[in-house]
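Worksheet for the structure shown next.
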Amino acid sequence: MQTCRHCLSEDIPDGATHCRHCGRRLKPTHIARNIIIGIVIFIALALYINFARESAARDEERFQARSEIDTVKVWCSPETPEDFVEARTKTFEQKVDAMDLEMEEKQGLNSAFANQLELHGCGFTARNQPKKKRR
């Protein structure tokens, strides 16, 4: 038995759609449906927040790698010792390998670092160029 919300009669059968005393429509309760919708919305929101956090973390890692690549122009010169350059390169590659990025992106960052070394004259190719003689 259910209760009418309007006249508060308690003798209405569970399957009734209208109150037999006041004639008003009895709205069915959708508690189960509302709970399921709430759970689905909560899960979707949690997944979105998790994705946004991971995306922000990957963006921060990319930014740190790019700033490290940009520092090459500060310390890199043809007079830079080869073992120092190799140590910096190895350190950079280890940092990139530890990042939560796709393999192609890691390879791209490593290539950009190597290109920056070559550009500023302390990469492998730049060190192995024959020295120009001054006259």
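The values are calculated or read from the model by the stated rules, or taken from the named source; none is laboratory data. In this text the structure is predicted, and so the values were computed from the model without any measurement. In this analysis, Cβ positions are derived from the backbone assuming ideal geometry, glycine residues included, and neighbour counts consider all displayed protein chains.
Condition test on Asp59, is it within 30 Å of Cys122 (Cα to Cα) and in contact (Cβ under 8 Å) with a residue 40 or more places away in the chain?
Values: within 30 Å of Cys122 (Cα to Cα): yes; in contact (Cβ under 8 Å) with a residue 40 or more places away in the chain: no.
For Asp59, the condition - within 30 Å of Cys122 (Cα to Cα) and in contact (Cβ under 8 Å) with a residue 40 or more places away in the chain - is not met.
Look at Glu93 and say whether it is out of contact with any Pro (no Cβ under 9 Å at 6 or more places or on another chain), of a type outside the set (A, V, I, L, M, F, W, C) and at pLDDT 90 or above.
yes
For Lys95, all conditions in the list (1) surrounded by 10 or more Cβ atoms within 10 Å (Cβ to Cβ); (2) over 30 Å from Ser111 (Cα atoms) hold save one; what is the number of the exception?
So Lys95 meets the others, but not (2).
Can you find, within region 1-56, the residue that is nearest to Leu101 (Cα to Cα) among those that are hydroxyl-bearing (Ser, Thr, Tyr) and surrounded by 10 or more Cβ atoms within 10 Å (Cβ to Cβ)?
Keep residues of region 1-56 that are hydroxyl-bearing (Ser, Thr, Tyr), which gives 3, 9, 17, 29, 48, 55.
This time we only want the ones that are surrounded by 10 or more Cβ atoms within 10 Å (Cβ to Cβ), so: 3, 9, 48, 55.
Details: Thr3: 60, Ser9: 65, Tyr48: 19, Ser55: 10 Å.
Selected residue: Ser55.
For region 93-100, check the following and say yes or no: at least one residue is within 30 Å of Cys122 (Cα to Cα), in contact (Cβ under 8 Å) with a residue 24 or more places away in the chain and among the polar types (S, T, N, Q). Step through it out loud before you land on a result.
In the first step, residues of region 93-100 are kept if they are within 30 Å of Cys122 (Cα to Cα); the result is 93-100.
Now restrict to residues that are in contact (Cβ under 8 Å) with a residue 24 or more places away in the chain: 95-96, 99-100.
Pick out the ones that are also among the polar types (S, T, N, Q) and you get none.
No: region 93-100 contains no residue that is within 30 Å of Cys122 (Cα to Cα), in contact (Cβ under 8 Å) with a residue 24 or more places away in the chain and among the polar types (S, T, N, Q).
Looking only at region 74-85, decide whether some residue is within 17 Å of Ala114 (Cβ to Cβ), of a type in the set (S, T, N, Q), modelled with pLDDT under 90 and exposed (fewer than 15 other Cβ atoms within 10 Å of the Cβ).
yes
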